[in-house]
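K.L.:
Dumping the structure here so I can ask a few things about it.
What follows is calculated from the coordinates using simple rules that are stated; it is not laboratory data. Since the model is a prediction, treat every value here as computed from it, not as a measurement. We place every Cβ from the backbone using ideal geometry, glycine too, and count neighbours over all the protein chains shown.
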Amino acid sequence: MKKDIAIGVDIGGSHISCAAIDLSNHQIIAGSRAEHPVDNHAQAADIIQGWAAALRKTMQTIDTQQLAGIGFAMPGPFDYVNGIALFEGNEKFEQLYNVNVSRALREELQLKPDTELRYINDATSFAIAEAWIGKAKGYDKVLALTLGTGFGSAFLKNSAPVIEGPEVPKQGCVWHLPFKDGIADDYFSTRWFVRRYAEETGIAVAGVKEIAMQAASNAVAQQLFDEYGTNMGNCLSGWMKTFGVEVMVIGGNISGAIDLFGPALKSSLQHNGLQPDIYISELKEDAAIIGSARLIDESYWPSVKDLLSKM
């Protein structure tokens, strides 16, 4: 029997989401989506059981004889080659430190030995999906950004991640780039908006959504989005030129405010001599699931396999 089904998994800080993907048509199989809450401070066994609970739900919706493998969009630090958790010092999943996730899940789910388990960084998984079936499809050089609690990114060339060489920053990501008084992650994550809004108004807010809701009538709120977009263009333009970015695809919670920061971002990029196409992801939460499932596609796997040890 042909094994043409993969399960894609998005490991979040508070829950796991997964779905089965038909590799022959690149579509999520109807009815296969599953989610399960996970306490990231729990003991290792409880976390593994929570992940397995969601996977079990998805597996119940397919013919497992057709299951080629499971791909995971996994935050770091993580040993993506061997499937070993290295979470330490980030206050999430620390009880999993040094746990062989592949071995634990194989035992929990009683997987067959030939069922592949493969892993990749979550922001890279998002980018892979966008280049495969999303807004970046058909473009050669892609920059994908995820804007939220952190500043996720990936550069892709011909659908494959580029993580080293003179064309891209270290590790092929931008969160660590020096910018103003810190690094890029300090300026393009949720905490920047919360901090700047408090500085300007003396008012504490929980997140970007609260600020965005005020932008139409609050000059300070709109000013912050203008500042955010301008800063992003100035921060990224150098590497975007070096790489030759043709399209930028943006996802994550803050992407919903593109109407507020997008004009300033485009203006800043144009000022720096760049006019890439800019899109907001339409795959949204499904992107990491779809991108991780593509790791099981044997025609694609060789383009990423040798990069995992460097992520």
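K.L.:
Just checking, which of 33, 56 is basic (Lys, Arg) and in contact with a Leu (Cβ under 8 Å, 6 or more places away or on another chain)?
P.N.:
Numbers: 33 fails: in contact with a Leu (Cβ under 8 Å, 6 or more places away or on another chain).
It is 56.
K.L.:
While we're looking at this one, here's another question. Would you check if there is a residue in the stretch 230-242 being in contact with a Gly (Cβ under 9 Å, 6 or more places away or on another chain), among the hydroxyl-bearing types (Ser, Thr, Tyr) and under 17 Å from residue 256 (Cβ atoms)?
P.N.:
Checked the stretch 230-242: no residue is in contact with a Gly (Cβ under 9 Å, 6 or more places away or on another chain), among the hydroxyl-bearing types (Ser, Thr, Tyr) and under 17 Å from residue 256 (Cβ atoms).
K.L.:
Also, I was wondering about something else. State the number of residues belonging to the stretch 65-94 that are more than 21 Å from the chain's Cα centre (by Cα) and surrounded by 15 or more Cβ atoms within 10 Å (Cβ to Cβ).
P.N.:
Final tally of qualifying residues: 3.
K.L.:
Regarding the stretch 89-106, can at least one residue be identified that is among the β-branched types (Val, Ile, Thr), touching a residue at least 24 places away in the same chain (Cβ under 8 Å) and in contact with a Lys or Arg (Cβ under 9 Å, 6 or more places away or on another chain)?
P.N.:
To start, the set of residues in the stretch 89-106 that are among the β-branched types (Val, Ile, Thr) comprises 99, 101.
Filter again for touching a residue at least 24 places away in the same chain (Cβ under 8 Å), leaving 99, 101.
Still in the list and also in contact with a Lys or Arg (Cβ under 9 Å, 6 or more places away or on another chain): none.
Among the residues of the stretch 89-106, not one is among the β-branched types (Val, Ile, Thr), touching a residue at least 24 places away in the same chain (Cβ under 8 Å) and in contact with a Lys or Arg (Cβ under 9 Å, 6 or more places away or on another chain), which makes the answer no.
K.L.:
Exactly one of (1) over 24 Å from residue 6 (Cα atoms); (2) surrounded by 15 or more Cβ atoms within 10 Å (Cβ to Cβ); (3) not basic (Lys, Arg) is unmet by residue 291. Its number?
P.N.:
Looking at each condition in turn, residue 291 falls short on (1).
K.L.:
How many of the residues in the stretch 226-245 are under 22 Å from the mean Cα position of the chain (by Cα) and either surrounded by 16 or more Cβ atoms within 10 Å (Cβ to Cβ) or more than 20 Å from residue 131 (Cα to Cα) (or both)? Even if it seems obvious, please write down each step before you answer.
P.N.:
Residues of the stretch 226-245 under 22 Å from the mean Cα position of the chain (by Cα): 228-229, 231-233, 235-237, 239-240, 243-245.
Subsequent filtering for residues that are either surrounded by 16 or more Cβ atoms within 10 Å (Cβ to Cβ) or more than 20 Å from residue 131 (Cα to Cα) (or both) retains 228-229, 231-233, 235-237, 239-240, 243, 245.
Residues flagged as under 22 Å from the mean Cα position of the chain (by Cα) and either surrounded by 16 or more Cβ atoms within 10 Å (Cβ to Cβ) or more than 20 Å from residue 131 (Cα to Cα) (or both) within the stretch 226-245 amount to 12.
K.L.:
Oh, and also: Taking the stretch 208-225 only, how many residues are crowded, with 18+ Cβ neighbours inside 10 Å and β-branched (Val, Ile, Thr)?
P.N.:
So the answer is 2.
K.L.:
In the stretch 246-256, which residues are farther than 23 Å from residue 171 by Cα and crowded, with 21+ Cβ neighbours inside 10 Å?
P.N.:
Answer for the stretch 246-256, where residues must be farther than 23 Å from residue 171 by Cα and crowded, with 21+ Cβ neighbours inside 10 Å: just 254.
K.L.:
One residue is enough: does the stretch 199-207 have a residue meeting the conditions among the polar types (S, T, N, Q), crowded, with 16+ Cβ neighbours inside 10 Å and part of a helix (DSSP H, G or I)? Step through it out loud before you land on a result.
P.N.:
Pass one, the stretch 199-207, residues among the polar types (S, T, N, Q): 201.
Among the residues that remain, those that are also crowded, with 16+ Cβ neighbours inside 10 Å are: none.
So far as the stretch 199-207 goes, no, none of its residues is among the polar types (S, T, N, Q), crowded, with 16+ Cβ neighbours inside 10 Å and part of a helix (DSSP H, G or I).
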